[in-house]
Each structure stands twice: as structure tokens, then as C-alpha cells.
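Notes for the one structure printed next.
The values are calculated or read from the model by the stated rules, or taken from the named source; none is laboratory data. Only a predicted model underlies this, so the values are computations on that prediction, with no experimental measurement involved. Here the Cβ positions follow ideal geometry from the backbone for every residue, glycine too, while neighbour counts run over all protein chains shown.
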Amino acid sequence: MSAIARTPEIQTKLPAVGTTIFTVMSALAAEKNAVNLGQGFPDFLCDPKLLQAVGDAMAAGHNQYPPMPGVPALREAVAAKIETLYGRRYDPATEVTITAGATQAIITAILAVVRPGDEVIVLEPCYDSYVPNIELAGGSVVRVPLTPGTFRPDFDRIAAALTPRTRAIIVNTPHNPSATVWTEAEMRRLEELLAPTEVLVISDEVYEHMVYAGGRHESAARFPGLAARSFIVSSFGKTYHVTGWKVGYVAAPAPLSAEFRKVHQFNVFTVNTPMQHALARYMADPAPYMELPAFYQRKRDLFAAGLAKTRFRLLPSAGTYFQCVDISALSELGEADFCQWLTREIGVAAIPLSAFYGDGFDQRVVRFCFAKKDETLQTAIDRLARL
């Protein structure tokens, strides 16, 4: 008699992880034919020159494995950009690694340095991959809230969270979901706070080229005390409107990069070859990323002007491609229920900020994404005008 087929039971490593709010809201938006301003990706095409560069790279035979840390020309282009913008030179050979998107970069950095029993500080609200990444590494998550209402860092609370077990802190500026941008003074305060410690920094800077109204992105690379302890993460997908390509990079001092690459080579090994060659060629012209703030500020202002005719209270959007709004004057519903109602009844999808907190903290704020065609934004504005 043959044995009965049975799948063995396993104990999940991520018991708190289920279907994400992004999946839920996108599915509901599709069901209701709503304008999806929930998930953060563009609905417009990238520059045809970049697509042509990919085709040229494929035709030139760049279709086999590239070097594990990335195509040398792309690493050199990244190093040159960072030096020009932020004044710090990273060695392309030993300090720049091309990754399969920023999310892979973040988990790789965490797996490289966090061990069971280590603590990692996350500043809430935060991008949803941070906490599961820490848990997969066996670390303990220490949640420190950004100041409600302003989303500015509370350095007294950060200082209180530091212990001898603190291995790292994850910093995100420009900040998803709140659209705040850290100031030079705040970065210097972090530098001073960490100076006497062995704490590492994972600096999530994927929206580095989206800072508005004359503001400046304060990369960790600008500050020697931070740069010496930081994995700096960025994303070609966000910068060049190609989020589906999943190509990013990490810049870090050579000793940190060496540990990063040990993990990188065994979780993805390397990254799509023709796209790396295309990006290297495309980066020869800095105009696309230098002009990005004006490109997105115009969309932000278009969307904000439309929302100003509603009872939403707009929060400042100093960076990223997100606009947060306070819903208190519109509804008694909590954030999640309001987003469901807005999608079903008004035909526009948003994301509740409570989804970015471990305890579901509800402050009556939701997030829209304005990285959309003007006509998409106008359709959303027309529907929201009913509010």
C-alpha cells in the first residue's frame, strides 16, 4: 500500500505577514475600475532612449552573466554621480554594488550584518519590507515613531532606543510614506548621536532625486561620520520610471561592501546584464535625474491644486512622489475603512498610513501617489471633487 501524500507542516518565519494592503487596494481598484493612486509606480513610459540602449546592449551580445558586483561601467557611473552630487568618492571596484532593486539591497545589507539577538531601530511609519527583513535575519525590531503630524525624527526617542545590542538603524529620506525630507541639521544630529557607538546605518535614499521647492537631498554620503558606517541604497527604477526592471545599487565603505557582497552573491549573484549596460550608457547624461525634481514638482502641484478644492487637508510633500492628506474633516471612518470607501464609492484608491505602523496607529491620514500621467491625475481630481 502506497503512503498517503502529505505536505509536512512548517513553522512560518514570518507569522505576522499576510496579504499586503497594496495588494488588497490594487485588487479593489481593479474590481471597481478606480483610479489607482495607491501603489507607488508610474503609469507612463520611460525615455525611449533608455529602451533603445537596452536593445543595443542585447544586440551587442551583453546577454550573459556580468561580474557579481555589477558591470564596471555602471559602478563607475554611480560613483561619479555620488561624488558630483554629494562630495564623497566611492571606489567603483570595492565600494559600489549593483543590486536587483532597492528591496533586495536592503535585505542583503540586513542579512550581512544582523545576527540573532541584535536590535535594529526602524522609524515608523516605514516601508513594509524593513521589519520582515530584520526578523528573517533573527534580529529584534525596535520601533521608534517619527513625530506624529510632522513626521520629523525625535532624537530623544532615538537616543533612548540605543542599547549595546543595537546593530543598525534604518533611515529613509526622502521619506515614504510621509513625503518629508530630513534636513542637514537632522542628519548632523544623527551623526553626532551615533559617533560613540558601533551602530550601522542603512540609508534608504531611493527618492533622492525627488526633492522640491529648492530643497536638497541630504544623503548620508555628505556626512563623513555617517558615510563611514552607512549602506546607501538607491533605485534606478524610481529615478528613470522603470520600477519593473528591479535594478538598484548600494554604496558603502569597502569593509561593509565586502560583507554585503558575500550575501549578495548567494541570494541573487548578479543583476540583468543588458539593462546594466543600458543604464551605464544613459547615465552619461545627468539631465534625466537633474530635471526630475521639476518634472515631479509640476505633477505634485497639479494634484495639490485639485485636492485644494476638497475638504482634504494637505500635508507638506517635500519629496518623493507621494501626497499625504488628513481626512478628519471628511469622515469619521478610520484610515483603512476610508480607503475602502473611497475606492468603492468615489473611484480613487489610496493607502492608509496605518499600514506603515506595526500597531496600526491611525492618525486619520492617507497617502496618494502622483507619479501618474496628467490625464490620470485629472480623472482622479474630477472624482475627488465630489468630496
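Data table
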| quantity | calculated |
| --- | --- |
| Enumeration of residues in the range 150-169 that are aromatic (Phe, Trp, Tyr) and either surrounded by fewer than 18 Cβ atoms within 10 Å (Cβ to Cβ) or not in a loop (DSSP other than H, G, I, E, B) (or both) | Phe155 |
| Pair list, Cβ under 8 Å, 6 or more apart: the range 166-187 residue within 14 Å of Ser129 (Cα to Cα), other residue in a strand (DSSP E or B) and of a type in the set (D, E, K, R) | Ile170/Asp204; Val171/Asp204; Asn172/Asp204; Pro177/Arg367 |
| Enumeration of residues in the range 87-112 that are assigned to a helix (DSSP H, G or I) and within 14 Å of Val233 (Cα to Cα) | Gly101, Ala102, Thr103, Gln104, Ala105, Ile106, Ile107, Thr108, Ala109, Ile110 |
| Check on Thr239, surrounded by fewer than 23 Cβ atoms within 10 Å (Cβ to Cβ), modelled with pLDDT of 95 or more and in contact with a Phe, Trp or Tyr (Cβ under 6 Å, 6 or more places away or on another chain) | yes |
| Within the range 338-358, tally of residues that are among the aromatic types (Phe, Trp, Tyr) and in contact with a Ser or Thr (Cβ under 6 Å, 6 or more places away or on another chain) | 1 |
| Filtered residues of the range 211-228 (kept if assigned to a helix (DSSP H, G or I) and either touching a residue at least 60 places away in the same chain (Cβ under 8 Å) or surrounded by fewer than 21 Cβ atoms within 10 Å (Cβ to Cβ) (or both)) | Ala221, Arg222, Pro224, Gly225, Ala227 |
| Residue ranges of helices (runs of 4 or more DSSP H) in the range 229-346 with at least 3 members free of Cβ contacts under 8 Å to residues at least 12 places away in the same chain | 292-307 |
| Some residue of the range 77-87 being on the phi > 0 side of the Ramachandran plot and not aromatic (Phe, Trp, Tyr) | yes |
| Counted residues, the range 82-116 - those being in contact with a strand residue (DSSP E or B) (Cβ under 9 Å, 6 or more places away or on another chain) and either at pLDDT below 95 or farther than 19 Å from Val201 by Cα (or both) | 1 |
